[in-house]
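Worksheet: the structure to be examined is printed underneath.
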Amino acid sequence: MVGTLIPLSMTEISINVSEEAKLFIYAALTGVFLIVVYDILRIFRRVCPHGTIWIGVEDFFYWLFSAIVIFGVLLKENNGIFRWFFAVGMLLGMIIYYFCVGRYFVVIIAMVINKILDIVRKILRIILKPFKRMVIFFANSIKKRIELSKKRTKIKKKNIEKKQDTMYNNNT
């Protein structure tokens, strides 16, 4: 018969609700995972600033990665069927992450990484300072030799010109 409803037992309803609750939790965790990945990308951008073209390329690959992750979770947990409460669950997971951790995560981690890089730069400057002095010394000595060589070349040219002039003048 068309239009006849099949009554579900309480056990079947309970199983369906628990499956949807499980999917909602997976959605929230997927949202948290995706926003953490994007925060890592934001940290990278703060530590290594670069132009808008590269940011666009990074964002493209992030959204491609996100689509693959979301599709993978939906495929594994819900036979690839998109449900709106999955999107709501992801959004809720992202919002909870942002208000609990996210606001501080990028700033603090980027600051720590920049401090570590500053310390490494200072140590490298101290270690490389003698080598820098050697390079400057050798560069200056090479520069002086080149200048001396140019002067000698000019003197030789003048001497050759004088000899040619005297040879030319003697022949006439």
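Conditions (1) among the β-branched types (Val, Ile, Thr); (2) part of a helix (DSSP H, G or I); (3) touching a Cys at 6+ places or on another chain (Cβ under 6 Å); (4) within 28 Å of residue 44 (Cα to Cα), marked per residue:
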site: 104; (1), (2), (3), (4): no, yes, no, yes
site: 120; (1), (2), (3), (4): yes, yes, no, yes
site: 123; (1), (2), (3), (4): yes, yes, no, yes
site: 152; (1), (2), (3), (4): no, yes, no, no
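Within the range 40-86, work out how many residues are farther than 30 Å from residue 115 by Cβ, part of a helix (DSSP H, G or I) and among the hydrophobic types (A, V, I, L, M, F, W, C).
Just the residues of the range 40-86 that are farther than 30 Å from residue 115 by Cβ, to begin with: 60, 63-64, 66-86.
Remaining after also requiring part of a helix (DSSP H, G or I): 60, 63-64, 66-78, 84-86.
Within this subset, residues satisfying the condition of being among the hydrophobic types (A, V, I, L, M, F, W, C) are 60, 63-64, 67-71, 73-75, 84-86.
Total meeting the criteria: 14.
Working carefully through the options 40, 81, find the one that is under 28 Å from the mean Cα position of the chain (by Cα) and among the aliphatic types (A, V, I, L, M). Steps first, please.
Working: 81 fails: under 28 Å from the mean Cα position of the chain (by Cα).
Residue meeting the stated conditions: 40.
Every number in this text was worked out from the coordinates using simple rules, so none of it is lab data. Since this is a predicted model, take the numbers as computed values, not measurements. Virtual Cβ from ideal backbone geometry, glycine too; neighbours counted across all protein chains shown.
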